[in-house]
Amino acid sequence: MKRLTAFFSILGKDMRAYYFKPPNISWGLLFPVVWAGMFFIKSGGGAENIVSVLPGMVALSILFGTTSMLAVTVTFERKAKAFERLLLAPIPLGMLMLAKTGGAILFGVLNAFIPFLVGLFLADLSGVAWSVALPAIVMLAVVSAFFGLFVSVSVSEVFEAQTFSNFFRFPMIFLCGLFFPISDLPAYLQPLSYLLPLTYGADILHAAIAGKGTMPPGLDFLALFLFGLLLYLLTLRSIHRRWIL
Amino acid sequence: MMGGSGSTSDSCIEVSGLGKSFGDVTAVDGISFTVRRGELFGFLGPNGAGKTTTINMLTGLARPDRGSLRVGGIDCTRNPKAAQHLIGVVPDESNLYPELNGFDNLCFCGGLYGMRSAERKKRASELLVLFGLEEAGKRRFAEYSRGMKRRLTIAAGIVHRPPVLFLDEPTSGIDVQSARRIRSMLGELHRSGTTVFLTTHYIEEAERMCDRVAFIVGGRIVREDSVARLLHPVMGREVVAVSVAATERIDLGGLAGAFPDYALTVEAGDVLRVESKEPVRVGALVRFLEEQGVQVTEARRKRQSLEDVFVAVTGIGAETMRKEKGGRKGA
Ligand SMILES: Nc1ncnc2c1ncn2[C@@H]1O[C@H](COP(=O)(O)OP(=O)(O)OP(=O)(O)O)[C@@H](O)[C@H]1O
Ligand SMILES: [Mg+2]
């Protein structure tokens, strides 16, 4: 019970102090819209194209919504030593990690609906399989947030956090089949795609929104789960080793 | 007044053979000490002595390399977080959230320890008044002055009413009045039964406040005892400082001949220092000096301070400690 209070205190504070602040909202929203717009225009426009661009846009919204703030805030709080308060609080480190990522996950999920809202006015979305799309959105948000946290525990400066996460984020736009199929990539890059969790999340979204998945959704979900678990464990280990001196 | 499941109901912090290195640097080198329940314990030492590292190990921010430690009867040797619900920590840096105001900062800290919303709001308002920050409660922490930041950081450390409180140099770098306020606050907490572990550069502060102190130098405890006992050996001895117009005219040889039981030294500022196991015969001394043609301006019995003891035990000059008061690092 007390731990739950602590959990929600951290979550609530982060939401108020970081996530629902203008700089984060603009980064989280503007960026995916601009990118998706580019691909949309390049593909020639048209209502049927909206539906094919939408999965990539949703995936991008989640990725940037979760990671743009998390890595920066954690490194920032670490540098200002405020993070020590969290390490001193009587809650297990695993729970602390969840509280810290909770805000990012929530924001990523909310962010995912913005492309849907836009799409609603421009195309017919009645074919979307929500029962698949919703869990995919949540899973992708969780995995992206864990990725953001992993980045933030691996670096010590704010600029490193930004550089390091962009080092992964930008290639992912091309490598993960967001806006064009992985099969269109040069053959030597294709194995790389399957090492990135976003590939599996985007694949489910393609299946759920446009009916164009390339792998069985069960396999995609399993892959996402495993990536999430791996990142969680790596991060926990890193916190134990680097933060508790 | 007992609590926890400690081996000795009387001891609150038990440290044995505790050690910690960072690479080649041995920060803490096998220290052992016990802090009793309800005691105000002072940890005194120069920069880099290992004070913060010790606090970090006691509070779960650092893992010991060797040795064992118990806090509130709970063994924290393997699990650094085991006793964290019992403790409050005031770190050496004022590290609250700059973007939150004072009130929200305190509420947030209460939340971390599981305090319910209504309870922590009440407590936050109460503490803001207690620390003279009621006006500042609505302002962002980033806008606070250094002393205000320090006060709020201390308030944040006790928001959940911890039975054990750790403070890392609570009064460093703040003005005299704020420091006095903080000391009286700590005194009150101590009287209400809180066990307090405090590190400081201010020897007088430790002397005035602490029940017991440990001197730590180079990661080792060179002396640990009650303040009363540390001062005791010098209580059986008297020190008199005789101020004179000009010391160069003092015939120390002649003086030593006339008063063979006294240890005589000339100190800076034209002061003759007289130490003796027997009560010093000040009248005779002054007459002797005047007969020599030395003009005595003042003769004063000096009470031995903890600072004197510290200097005697550690060999570290009081000046060195004082220079470091501003929290300046390095040599
Ligand atoms: N994270 C760290 N990495 C490497 N060395 C460290 C670390 N923390 C402390 N040390 C070293 O350990 C020694 C003890 O440091 P510590 O901070 O405990 O001293 P202190 O008594 O608190 O000093 P101060 O009065 O300056 O606060 C120092 O030599 C310091 O350089
Ligand atoms: Mg220190």
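Would you confirm whether or not region B:146-155 contains a residue that is more than 19 Å from B:Ile55 (Cα to Cα) and part of a loop (DSSP other than H, G, I, E, B)? No, because not a single residue in region B:146-155 is more than 19 Å from B:Ile55 (Cα to Cα) and part of a loop (DSSP other than H, G, I, E, B). Of the residues making up region A:178-237, just one is among the acidic types (Asp, Glu) and more than 20 Å from A:Ile137 (Cα to Cα), namely A:Asp184. More than 12 Å from ligand 1 (Cβ to nearest atom), at pLDDT below 90, more than 12 Å from chain A (Cβ to nearest Cβ) and in contact with a helix residue (DSSP H, G or I) (Cβ under 8 Å, 6 or more places away or on another chain), is that true of B:Gly4? Considered against the rule, which asks whether it is more than 12 Å from ligand 1 (Cβ to nearest atom), at pLDDT below 90, more than 12 Å from chain A (Cβ to nearest Cβ) and in contact with a helix residue (DSSP H, G or I) (Cβ under 8 Å, 6 or more places away or on another chain), B:Gly4 comes out as yes.
Of all the numbered requirements in (1) touching a Gly at 6+ places or on another chain (Cβ under 6 Å); (2) within 13 Å of another protein chain (Cβ to nearest Cβ), B:Lys121 misses one, and that requirement is (1). Restricting the first member to region A:77-98 and to residues that are at the interface with chain B (Cβ under 7 Å from one of its Cβ atoms), and the second to residues that are surrounded by fewer than 21 Cβ atoms within 10 Å (Cβ to Cβ) and among the hydroxyl-bearing types (Ser, Thr, Tyr), the beta-carbon pairs closer than 8 Å and six or more apart or on different chains are A:Ala82/B:Tyr97. Considering each of B:Arg63, B:Arg78, B:Arg70 in turn, give the residue that is more than 11 Å from chain A (Cβ to nearest Cβ) and touching a residue at least 12 places away in the same chain (Cβ under 8 Å). Among B:Arg63, B:Arg78, B:Arg70, only B:Arg70 is more than 11 Å from chain A (Cβ to nearest Cβ) and touching a residue at least 12 places away in the same chain (Cβ under 8 Å). Residues that are of a type in the set (S, T, N, Q) and surrounded by fewer than 18 Cβ atoms within 10 Å (Cβ to Cβ) within region B:78-106 comprise just one, B:Asn79. The test for being within 21 Å of A:Ser61 (Cα to Cα) and at pLDDT 80 or above does not hold for A:Asp184. A search for C-beta distances below 7 Å between a residue of region A:128-143 that is free of Cβ contacts under 8 Å to residues at least 40 places away in the same chain and any residue that is crowded, with 18+ Cβ neighbours inside 10 Å, counting only pairs 6+ apart in sequence or on different chains, returns A:Val138/A:Val109.
Does any residue of region B:30-38 turn out to be more than 29 Å from B:Ser192 (Cα to Cα), within 13 Å of ligand 1 (Cβ to nearest atom) and surrounded by fewer than 21 Cβ atoms within 10 Å (Cβ to Cβ)? No: region B:30-38 contains no residue that is more than 29 Å from B:Ser192 (Cα to Cα), within 13 Å of ligand 1 (Cβ to nearest atom) and surrounded by fewer than 21 Cβ atoms within 10 Å (Cβ to Cβ). Annotation: B:Asn105 fulfils all but one of (1) within 11 Å of chain A (Cβ to nearest Cβ); (2) closer than 25 Å to B:Gly219 by Cβ; (3) not in a loop (DSSP other than H, G, I, E, B); the unmet one is (2).
When region B:44-68 is limited to residues that are out of contact with any Asp or Glu (no Cβ under 8 Å at 6 or more places or on another chain), assigned to a loop (DSSP other than H, G, I, E, B) and farther than 22 Å from B:Glu205 by Cα, the one that is nearest to ligand 1 (Cβ to nearest atom) turns out to be B:Ala62.
Given the criteria away from ligand 1 (no atom under 16 Å from the Cβ), in contact with a helix residue (DSSP H, G or I) (Cβ under 6 Å, 6 or more places away or on another chain), under 13 Å from A:Leu88 (Cβ atoms) and within 14 Å of chain A (Cβ to nearest Cβ), does B:Gly88 qualify? Against the criterion (away from ligand 1 (no atom under 16 Å from the Cβ), in contact with a helix residue (DSSP H, G or I) (Cβ under 6 Å, 6 or more places away or on another chain), under 13 Å from A:Leu88 (Cβ atoms) and within 14 Å of chain A (Cβ to nearest Cβ)), B:Gly88 qualifies. With respect to B:Asn95, is the statement that it is within 11 Å of another protein chain (Cβ to nearest Cβ) and away from ligand 2 (no atom under 16 Å from the Cβ) true? For B:Asn95, the condition - within 11 Å of another protein chain (Cβ to nearest Cβ) and away from ligand 2 (no atom under 16 Å from the Cβ) - is not met. Looking across region B:124-145, the residues that are assigned to a helix (DSSP H, G or I) and within 14 Å of another protein chain (Cβ to nearest Cβ) come down to B:Ala124, B:Phe141, B:Ala142. The one condition from (1) away from every other protein chain (no Cβ under 14 Å); (2) under 17 Å from A:Phe7 (Cα atoms) that A:Asp124 does not meet is (2). For region A:101-133, filtering for residues that are more than 15 Å from A:Met57 (Cα to Cα) and hydrophobic (A, V, I, L, M, F, W, C) leaves 8.
Among the residues making up region B:15-48, a single one is over 18 Å from the mean Cα position of the chain (by Cα) and among the aromatic types (Phe, Trp, Tyr): B:Phe22. Can B:Val222 be described as within 16 Å of ligand 1 (Cβ to nearest atom), under 20 Å from B:Leu58 (Cα atoms) and either surrounded by fewer than 19 Cβ atoms within 10 Å (Cβ to Cβ) or within 14 Å of another protein chain (Cβ to nearest Cβ) (or both)? Yes: the conditions hold for B:Val222. Output the residues belonging to region B:49-72 that are within 12 Å of ligand 2 (Cβ to nearest atom) and farther than 21 Å from A:Ile91 by Cβ. B:Ala49, B:Gly50, B:Lys51, B:Thr52, B:Thr53, B:Thr54 - these are the residues of region B:49-72 that are within 12 Å of ligand 2 (Cβ to nearest atom) and farther than 21 Å from A:Ile91 by Cβ. Within region B:40-52, the set of residues being crowded, with 24+ Cβ neighbours inside 10 Å and within 14 Å of another protein chain (Cβ to nearest Cβ) comprises B:Gly50 only. For region A:127-154, a residue qualifies if it is among the β-branched types (Val, Ile, Thr) and buried (at least 21 other Cβ atoms within 10 Å of the Cβ), and the qualifying residues are A:Ile137, A:Val142, A:Val143, A:Val151, A:Val153.
The values are calculated or read from the model by the stated rules, or taken from the named source; none is laboratory data. Predicted model only: the values in this text are computed from it and were never measured. Cβ atoms come from the backbone with ideal geometry, glycine included; neighbour counts cover every protein chain shown.
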